[in-house]
Structure formats: C-alpha cells, structure tokens
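> Here it is, the structure in full.
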Amino acid sequence: MEDLLGQTWKDREFTLSSVTELSSDASEASPGIARFTSDGLQIHQQSQEISLNFDLRTSQIFKLGPVQSVCIMEGSDVGKAASYSTGVTIQFKNEEECEAFHSVVQQWIKKANVQGSLPNGTLTTSKSKFDEKIESSSAKMYFHYYGQLLHQQNMLQDYVRTGTYYAAVIENRADFTGRVVVDVGAGSGILSLFAAQAGAKHVYAVEASEMAEYARKLIAGNPKLAQRITVIKGKVEDVELPEKADILISEPMGTLLVNERMLESYVIARDRFLTPTGKMFPGVGRIHMAPFTDEYLFIEIANKALFWQQQNYYGVDLTPLHGTAFQGYFSQPVVDAFDPRLLIAPPMFHVLDFTKMKEEDLYEIDIPLRFIASVGTRVHGLACWFDVLFNGSTVQRWLTTAPGSPTTHWYQLRCVLSQPIYVMAGQEITGRLHLVAHNAQSYTIHLTLSAKMWGPGAEQGGIIQTSSCKLDLKEPYYRMSQAQAYPLAQDQQSQPLVQTQDINIQSHELEEPEIMQQISPNSCAQIDSLMQKI
C-alpha cells in the first residue's frame with residue numbers, strides 16, 4: 001500500500017482547532033492533529049493518549065460546515081448492516097485547511113482505488129433524486145427565496161405557526177429529552193433551538209439554502225444550546241448523518257399543505273434517518289374542503305379581463321385575447337383569508353399520514369368530493385385549508401389554518417369556477433379534486449363540481465350541472481391579508497364559525513353545525529349580464 005500511495009501522502013498532517021468524540025459532550029473538545037498514513041487516517045486528540053485510526057476504505061468522512069467535518073468509523077458486527085457509531089467531529093483553523101484536508105481524502109481514495117463518499121457540497125456527475133424530479137431553475141429560486149432573512153422573519157412572525165411549534169415541542173419534553181433529533185429544512189434553525197431547549201441529546205439541522213450560514217450564526221449566539229446542535233448544509237436527499245434520529249421535526253407545509261413539494265423531502269428524511277420507532281413532528285396533515293359562494297370575488301376576477309374587451313386600444317382591437325385572458329385569471333388559485341360564513345356546506349377532509357405514506361403517494365392526490373348544500377345559492381368554487389397534528393406522548397396539538405381561526409402566513413386557498421353552478425338547500429354536490437405534481441415544485445389542480453338532482457325522485461335523476469377548472473398552484477392570486485367583512489343576513493346572527501380542532505382523524509366527514517351563507521351582495525342579473533358579454 002505504501003508503494004501505491006507514495007511518500008507524498010505518508011505523514012501529511014493537519015493541525016485541528018478541536019477534536020470531539022461523537023459520544024462526548026462538546027466541553028470535552030480539545031485541539032488535535034489529523035495525519036494521513038499509508039494505512040489511512042490517524043486523528044490524535046491532545047487530551048487523549050490513544051489516537052483513532054480510520055481505514056478510509058470503510059470509514060465515512062464528510063463536511064458539516066465550512067470548517068467542520070465528521071469522521072465515522074464502521075462498526076464490526078458480523079452479519080449485520082454497517083454501523084457508523086464511533087467517530088469524531090473535527091474543526092479546522094480556516095476553510096482553506098478544511099478544503100485541503102478533503103482534497104487529500106479524495107486523492108487517497110482515488111489512488112488506493114477505493115470507492116468512497118464525496119464530502120457534502122461536492123457535485124457529482126449523477127443527479128440526486130431531488131434534481132431528477134425538480135427543474136433546476138425552480139430549485140434555484142426556491143433556495144434563494146428561503147436563503148433570505150426577510151422571508152424567514154415573515155415565518156417567524158407568524159406567531160400561530162411559531163407558537164404552536166414551540167408549545168408542541170416544550171409540552172412534549174419526554175419525547176425530546178436525551179434523544180437525537182433531525183430538523184428537516186431547518187431554515188433559521190429555530191426548531192432546532194426549540195428541540196435543544198426541550199433537552200435533545202443532539203440536533204442535526206439540515207438546510208440546503210444559504211440560510212444554513214445564518215442558522216450557524218444564530219445557533220452559535222446561543223452557546224448553552226449550540227453545543228448540542230450541528231448545522232449541515234445540503235439536501236436531505238444527499239447528506240449523510242452519523243447516527244439515526246429518534247425525532248424528525250420540520251415545517252414542510254406549503255399553500256394547500258402540498259405546495260413546494262417539501263413533504264416529499266420530509267418523507268424521504270423519514271426513510272433515511274428515522275429509527276423504526278421514531279416520532280415525526282408533525283405526523284399527520286389534513287386538507288379540508290368545502291364549496292363556497294362569493295359574488296364579490298367572482299366579479300373581481302372576471303373584471304380583470306375587461307381590459308381585453310377594448311376594441312380601440314391605440315387603434316388596436318384587443319378582443320381576440322379576451323377569452324384567453326379570462327381563463328388565465330380563473331386559472332389562479334386565490335390565496336386570502338375569507339369569512340367562514342361564505343361556506344355553503346359542512347366541510348370534509350383528506351388525511352395525509354406522514355408516518356406511513358410513500359413519497360410516490362404525493363405525486364398524485366385524488367380526492368372525491370361530496371357535500372350537501374345548506375342553502376340555495378350560486379356555488380363559485382371550492383375553499384381549502386389545512387391543519388397538521390403534533391402527536392406527542394404528553395400533549396396532542398393541532399396547527400390549523402382554518403377560516404375563522406387566527407390568520408397564518410398560509411391564509412386559505414380558493415379554487416374559483418369560471419362558470420358557477422346553482423344549488424338548492426339539501427341538494428347534493430359531488431366532484432373531484434385532483435392534484436398532479438409538476439417539476440416546478442408545485443401542483444396542477446383539476447377541480448370538478450357537479451349539482452345532482454334533488455327533491456322527490458332524486459334517486460332516479462343524475463347530474464344536472466357541472467363545472468370544471470384547471471389551476472396552477474405555483475401561480476396564485478394573493479388577494480388580501482385579512483378576512484373581508486360581509487354583511488349578515490338576519491337568519492345568520494347565531495351561526496357559529498367553522499371549527500376544525502377536535503375531530504377524529506379517522507373520519508372523512510366533519511360533524512359541524514351547518515354553515516349558512518350570507519345574503520348575496522350582488523344580484524344574479526348583474527352576473528348573468530356579465531357572463532353574456534363573456
């Protein structure tokens with residue numbers, strides 16, 4: 001082996017600022033030396049008399065940060081899967097030393113003709129699973145967005161979101177104390193700090209964007225917690241961790257729960273890092289749906305296309321594009337906070353169990369719809385919101401984005417039909433919500449709503465009205481920040497708001513008080529006149 005590697009590699013040394021055994025407390029760190037030999041890598045900690053010898057054929061060495069790396073030794077259990085439970089975390093004086101060290105590792109492996117793992121952050125010729133399914137331009141914009149402090153501040157200042165996570169963690173200290181935690185998509189590192197506050201043995205904060213550097217700075221500024229948190233810059237699909245996790249914590253929810261497709265990374269992290277008996281915070285998500293009526297919103301969207309009805313715009317007839325513009329505006333899901341009294345039927349929900357579902361289950365989500373109208377009105381589309389469950393051993397806590405509840409930065413989402421349908425009280429509304437993932441980290445939404453025959457003899461009848469729409473969840477219409485005030489009908493004064501907190505998650509229909517609609521603020525004649533022009 002010495003002849004193969006040559007004298008260049010033998011006794012190549014790097015002075016280390018600190019060496020810490022993985023099983024030791026950070027306070028036991030001391031300076032050391034990393035020395036390459038013909039047999040591999042030898043790491044000596046000044047406070048220890050015995051050096052650790054790493055066989056580079058079987059050991060794992062990768063970056064945790066610009067000046068920090070981890071060296072893990074393979075266990076020797078015969079007949080079992082490889083176990084990487086022994087090793088050290090090493091810290092270099094500067095980034096140049098760290099880069100040089102990893103360069104030597106790779107050259108040693110190459111010359112020894114050993115297949116080894118590349119350090120984190122190194123590009124390989126083959127694409128990762130994330131890169132294969134996500135368009136590179138979308139991923140670049142996504143990580144750029146979440147790499148900025150102003151966007152992290154927007155999420156941190158969502159006190160419903162942040163406060164619920166904090167309560168879910170601290171109230172369930174029994175789940176975190178002495179446990180290994182992985183924070184998936186750590187962002188600013190706030191959830192990692194919560195986990196450390198709850199007594200976690202060690203937290204690995206995995207973050208792919210440039211926010212990882214800010215997270216390191218924030219965590220370092222909280223030294224009592226920092227010694228138990230390691231920030232790893234990289235995608236959960238690509239990074240390696242020195243040990244399995246007892247707890248996964250993450251905030252992977254997007255608009256309509258699934259937007260941005262981070263739930264897939266959350267499920268991948270479960271399969272890669274979580275022990276079979278480990279917990280996920282959150283562990284269950286639900287998409288809630290109900291038909292709604294909103295003449296104000298419908299006219300607002302339809303009026304956007306009126307610009308294209310001009311026949312003499314600087315001498316140009318714009319009307320050939322009016323139909324396309326009209327459909328384009330109705331292809332945008334509306335994101336805002338709406339009054340729950342706009343709902344015209346009790347909601348239903350679809351459950352996503354993060355602890356059991358496969359990644360592929362998120363590629364296509366098909367939800368059959370069935371509602372009973374509470375009032376006679378025009379149905380303008382489907383309203384959606386979500387909640388997630390933190391199923392702790394001590395306390396179960398829901399985070400909800402329901403209308404009528406305190407507004408979050410997710411708001412609610414509404415799919416608006418370009419052709420509304422008419423229903424009467426007691427009439428059955430059926431349909432389908434079909435979500436198809438695309439490579440821009442979002443979904444195409446296909447919605448169909450139909451009104452069935454009602455009254456005597458309805459069982460012999462069929463569908464009498466149907467309306468469909470296709471929307472891009474990636475391109476929403478952000479309408480407003482708070483629920484709009486609507487006038488109440490006299491028979492509505494005692495109607496309660498929608499409640500979604502205390503529902504058995506095994507059920508697919510909510511046992512809710514009937515939600516009655518407010519009086520229509522615009523006459524149907526006005527709408528019909530507009531539709532005739534369209």
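The values are calculated or read from the model by the stated rules, or taken from the named source; none is laboratory data. Note that this is a predicted model, so its numbers are computed, not measured. Glycine gets a Cβ as well: all are built from the backbone with ideal geometry, and neighbour counts include every protein chain shown. Only protein heavy atoms, including side chains, enter the accessible area calculation; ligands, DNA and RNA are left aside. Shrake-Rupley method; radii C 1.70, N 1.55, O 1.52, S 1.80 Å.
> Heavy atoms only, 1.4 Å probe, whole protein assembly: order MET453, MET262 by accessible area, highest first. Intermediate results must be reported in sequence, preceding the final value.
Details: MET453 80, MET262 25 Å².
Correct descending sequence by accessible area is MET453, MET262.
> Report GLU360's accessible area, 1.4 Å probe, all protein chains in place, as a number in Å² to the nearest 10.
100
> So, one more: State the Kirkwood hydrodynamic radius of the stretch 397-437 in Å, one decimal place, computed from all pairs of distinct Cα atoms.
Working: mean 1/r = 0.0715 Å⁻¹.
It is 14.0 Å.
> So which of LYS201/LYS279; LYS133/LYS474; LYS224/LYS244; LYS63/LYS235; LYS140/LYS233; LYS140/LYS279 end up more than 20 Å apart, counting from Cα to Cα?
Values: LYS201/LYS279 15 Å; LYS133/LYS474 16 Å; LYS224/LYS244 23 Å; LYS63/LYS235 13 Å; LYS140/LYS233 15 Å; LYS140/LYS279 31 Å.
Among LYS201/LYS279; LYS133/LYS474; LYS224/LYS244; LYS63/LYS235; LYS140/LYS233; LYS140/LYS279, the Cα-Cα distance tops 20 Å for LYS224/LYS244; LYS140/LYS279.
> Also, I was wondering about something else. As an exercise, take the mean of 1/r over every pair of distinct alpha carbons in the stretch 263-420, invert it, and state the Kirkwood radius in angstroms. Please list the in-between numbers first.
Values: mean 1/r = 0.0540 Å⁻¹.
Evaluated over the stretch 263-420, this radius sits at 18.5 Å.
> Summarise the accessible area of the stretch 267-340 (1.4 Å probe, protein heavy atoms) by the percent that is carbon and sulfur. Numbers along the way, then the final one.
On the way: 1550 of 2870 Å².
The value for the stretch 267-340 is 54 percent carbon and sulfur by accessible area.
> Round to the nearest 0.05 the FRET efficiency obtained for ASP39 and ARG272 when R0 = 35 Å and r is the Cβ-Cβ distance.
0.70
> In the stretch 371-479, if every C-alpha pair distance is counted and binned at 10 Å from zero, what percent goes to each bin?
In order of increasing distance, the bins hold 12, 33, 31, 18, 5, 0 percent.
> For the stretch 299-359, what does the alpha-carbon gyration tensor say about shape, rounded, prolate or oblate, given a ≥ b ≥ c as the root eigenvalues, a/c under 1.5 as rounded, and a/b over b/c as prolate?
Numbers: a/c = 4.74, a/b = 2.28, b/c = 2.08.
Note, shape of the stretch 299-359 comes out prolate.
> Solvent-accessible area per residue for the stretch 173-246 at a 1.4 Å probe radius, Å²? Working shown, then result.
Values: 2700 Å² over 74 residues.
Computed with neighbouring chains in place, this is 37 Å² per residue.
> From zero up to wherever the largest Cα-Cα distance of the stretch 192-252 sits, split into 10 Å bins and tell me the percent of pairs in each.
The calculated distribution, bin by bin, is 22, 58, 21, 0.
> Highest mean first, how do 187-195, 150-158 rank when packing is the count of other Cβ atoms within 10 Å averaged over residues? Walk me through the numbers before you get to the answer.
On the way: 187-195: 25.1, 150-158: 13.8.
Order by mean packing, descending: 187-195, 150-158.
> Using the Cα atoms of the stretch 344-402, I'd like the radius of gyration and the largest Cα-Cα distance, Dmax, both in angstrom.
15.3, 46
> Looking at the stretch 221-373, send over the antiparallel percent of its DSSP beta bridges, to the nearest 5. Walk me through the numbers before you get to the answer.
Values: 9 of 13 bridges.
Antiparallel: roughly 70 percent of the beta bridges in the stretch 221-373.
> Which three numbers, in whole Å and largest first, are the semi-axes of the equivalent ellipsoid of the stretch 193-306 derived from its Cα gyration tensor as √(5λ)?
Numbers: eigenvalues 273, 65, 39 Å².
Calculated on Cα positions only, the semi-axes equal 37, 18, 14 Å.
> Okay, moving on. I'd like to check one number: the per residue accessible area of the stretch 272-404, probe 1.4 Å, reported in Å² as a whole number.
Numbers: 4830 Å² over 133 residues.
Solvent-accessible surface per residue comes out at 36 Å².
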